[in-house]
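Structure, as structure tokens:
The values are calculated or read from the model by the stated rules, or taken from the named source; none is laboratory data. Small disclaimer: the values here were computed from a predicted structure and weren't measured. Glycine gets a Cβ as well: all are built from the backbone with ideal geometry, and neighbour counts include every protein chain shown. Note: accessible area is taken over every heavy atom of the protein model, side chains too, but ligands, DNA and RNA are not part of it. Shrake-Rupley method; radii C 1.70, N 1.55, O 1.52, S 1.80 Å.
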Amino acid sequence: MTHVVVIGAGQAGGRAIEALRGNGFTGPITLIGAETHLPYERPPLSKEMLLDPASPKIDWVRPAAWYAEHNITLKLGQTATKLDRGTKTITLQDSTTISYDKLILATGTTPRKLAIPGGDHPRCICIRTLEDSEKLRPFMAQDSHIVVIGAGFIGLEAAAAARSHGAAVTVLEMAPRPMGRGVPATIGELYAQLHRNKGVDLRLNTQISHIDGPDTEPQIHLADGTTLTATAIVVGIGVLPEQDLATQAGLETNNGIVVNTHAQTSDPDIYAAGDVTRHPNPLLGCDLRLESWQNAQNQAIAAAKNIAGIPTTYAEIPWFWSDQYGINMQITGLPSDTATEVTRGDLSTFQGLLFQLTGAKLTAAIGLNSPRDLRFAKNIIQAQIDVTPDELANPAVKLQDIAKRARPA
Amino acid sequence: MTEQLVALCDASAVSEDTPVQAKLAGEELCVYLHDGAYYVTQDLCTHGPGYLSEGFVEGCEVECPFHQGKFNFITGEATAAPCTDKLRTWKTTVQDGKIWINPAEHAA
Ligand SMILES: Cc1cc2nc3c(=O)[nH]c(=O)nc-3n(C[C@H](O)[C@H](O)[C@H](O)COP(=O)(O)OP(=O)(O)OC[C@H]3O[C@@H](n4cnc5c(N)ncnc54)[C@H](O)[C@@H]3O)c2cc1C
Ligand code: FES
């Protein structure tokens, strides 16, 4: 019987296994994970886990009993250190080897470290795991000063959580605007203002020279000579794909493990899914490496179905969300800095949508507290429906009616 | 039997695209229209904090606005990840232009 081994017990690894069993695969499955936990979802780590004063609930992909009931062999707290494609074996850190027939690499990403002197100060915390979030939680308090390095989604969510507990918050960002990689300038500027209104000291275009100070009182020295004393430092400066196993085994990588639309790597017996992959998006006609919940779940499902004998192409319009100060932001498509922009509703009250168009096509939409409308926007992008700026801006024209229009011949 | 029924909302408020939230004894329910018939489920997603009345309807499926998990709102079955647990559903009656259910069908 085919033995499927999954390396990486994160969201993608967990969903892949669920989908293997859900699609009729009855052979043996082994799940190898460096973390000691069963697969869980990470979005709450920078949201509910930091916001709720009570011990928050963990979003397990599946409860522990499910793995036993579905006959999954678990190797948790074990890092896979070597992949040998010739013998089709994996070596674990304790030197045991495991053979596979089909392999899924779901090794995700790892936070980029602060490459400055003192970047390893014990109060520097990156938020990737349950332990990271637990470590940060006690500092979410009125008498704390949280310094966030990097105004990306995770850093800003942590900043919003810290403010909700009354902590003083300083956010340091190298770039001229927050969330520069994820949202258009219009939204970045709106959120810069939001954080400032909420009392965050947001410093853009800011370089850090080094960190020092006692273990419990880090001092952050900025390039302009200023020094900040923090209770804790949240480091959110991006992530890197965990692709070493693949690279060493000679699989094609390019800032991510390269897969095709079937989530298959350059070795037909090896699949990869989630944050770690660089994959073609047939709807958008480009290659992407996404760091998103949707991609982790659905690419993993596609990989599993292909292994289970159900040929499946992974093709979705990207979708992401972030929650800050109770405002739900959702992003779909590929935001750009050059597209034409149209708004619907009132962005300044955080109730509305920003559309981006290239010619008559919608290429991206950002919804603030507008999840349903955003969903219709995603359909409009996917079906490549011709739209006009006027109708997008006019709340009397329902987006569902635009979404229903057939694709032009 | 009729005495036990409770009105949730005006039938005219519900369209195929746009389900409607109704409140019953402190719980939110969601009313859908599909092929001329009305259906009622709990509004809160079984996966997390999403309200299905803010979701996206396609055929007899509703997609949660929070993580885009899906349910068949006729049977209540979860049909797409991350949702796994069924929604509670209620039989509906249309009378006097309103949608009625029997709350006793599920204890609160
Ligand atoms: C704080 C935070 C907030 C987020 N918020 C959102 C959000 O609001 N919306 C959204 O869309 N996305 C969000 N994301 C992104 C989303 O969580 C990720 O895209 C998703 O977790 C990726 O899943 P994955 O399984 O590919 O990788 P991961 O979740 O990184 O899992 C990979 C796993 O593999 C393990 N591993 C790696 N190498 C090895 C090895 N050699 N041997 C064994 N195990 C190994 C790792 O320890 C890890 O457990 C957030 C992420 C974080 C960290
Ligand atoms: S809350 Fe509904 S899918 Fe997660």
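Under a 1.4 angstrom probe, counting protein chains only, how are A:Thr332, A:Thr81 ranked by accessible area, largest first? Each step should come with its number before you reach the end.
Details: A:Thr332 0, A:Thr81 70 Å².
Final ranking, largest accessible area leading: A:Thr81, A:Thr332.
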| field | Helical contribution to [θ] at 222 nm, DSSP H n ≥ 4, -39,500 (n - 2.57), averaged over chain A, rounded to 500 | value | -6500 deg cm²/dmol
| field | Cα gyration tensor, chain B - rounded (a/c under 1.5), prolate or oblate | value | prolate
| query | Rounded to the nearest 10 Å², what accessible area does A:His37 show when all protein chains are kept and the probe is 1.4 Å? | reply | 40 Å²
| message | Which residues belonging to the range B:41-79 lose at least 20 Å² of 1.4 Å-probe accessible area when the assembly is complete, relative to their chain isolated? | response | B:His47, B:Glu54, B:Phe56, B:Glu63, B:Pro65, B:Phe66, B:His67, B:Gln68
| request: Would you give the gap between the C-alpha center of the range A:58-88 and the C-alpha center of the range A:93-135, rounded to a whole Å? | output: 16 Å
| query | Largest first, what is the accessible-area ranking of B:Cys30, B:Cys9 with a 1.4 Å probe? | reply | B:Cys9, B:Cys30
| Got a number for the accessible area of A:Leu20? Probe 1.4 Å, square angstrom, nearest 10. | 0 Å²
| Where does the charge balance sit around A:Asp337 when Lys and Arg score +1, Asp and Glu -1, over other residues with C-beta under 15 Å from its C-beta? | 0
| message | With every protein chain left in place and a probe of 1.4 Å, what is the accessible surface of A:Met140, to the nearest 10 Å²? | response | 20 Å²
| field | Distribution of pairwise C-alpha distances over the range A:344-409, 5 Å bins, in % | value | 3, 20, 32, 27, 12, 4, 1, 0
| What number in nm² do you get for the protein assembly as shown if you take the convex hull of its Cα atoms and divide its surface by four? | 26.8 nm²
| query | Looking at chain A, what % of its DSSP beta bridges pair antiparallel, to the nearest 5? | reply | 60 percent
| What does the charge add up to near A:Val183, with Lys and Arg as +1, Asp and Glu as -1, over the other residues with Cβ less than 11 Å from its Cβ? | 0
| field | ³J(HN,Hα), Karplus 6.51/-1.76/1.60, whole Hz, each residue of the range A:125-138, x for Gly, Pro | value | 10, 9, 9, 10, 10, 3, 5, 4, 5, 4, 5, 7, 3, x
| field | For the range A:8-20, Karplus couplings with θ = phi - 60° (6.51, -1.76, 1.60), whole Hz, Gly/Pro x | value | x, 9, x, 4, 5, x, x, 5, 4, 5, 4, 6, 4
| query | Among B:Leu24, B:Ser12, B:Thr93, which residue has its Cα positioned farthest towards the positive end of the charge dipole of chain B, with +1 placed on the Cβ of Lys and Arg, -1 on the Cβ of Asp and Glu, and the dipole taken about the Cα centre? | reply | B:Leu24
| Between A:Gln193, A:Thr226, A:Ala168, whose Cα lies farthest towards the positive end of the dipole of the range A:113-235 when Lys and Arg beta carbons carry +1 and Asp and Glu beta carbons carry -1, centred on the Cα centre? | A:Gln193
| note | Of all lysine pairs in chain A that are eight or more residues apart or on different chains, those with Cα atoms under 26 Å apart total 25
| query | What is the local net charge at A:Glu173, summed over the other residues whose Cβ is closer than 15 Å to its Cβ (Lys, Arg +1; Asp, Glu -1)? | reply | +1
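Using a probe radius of 1.4 Å on protein heavy atoms only, what is the accessible area buried between chains B and A, both sides summed, to the nearest 100 Å²?
Protein heavy atoms only, the B-A interface buries about 1600 Å².
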| Solvent-accessible ranking of B:Tyr51, A:Tyr100, largest area first, probe 1.4 Å | B:Tyr51, A:Tyr100
| task | Would you kindly derive the ³J(HN,Hα) couplings of the range A:227-232 from the backbone phi angles with the Karplus curve 6.51 cos²θ - 1.76 cosθ + 1.60 (θ = phi - 60°), listing them in order in whole Hz, with x for Gly and Pro? | result | 10, 10, 9, 10, 8, 8
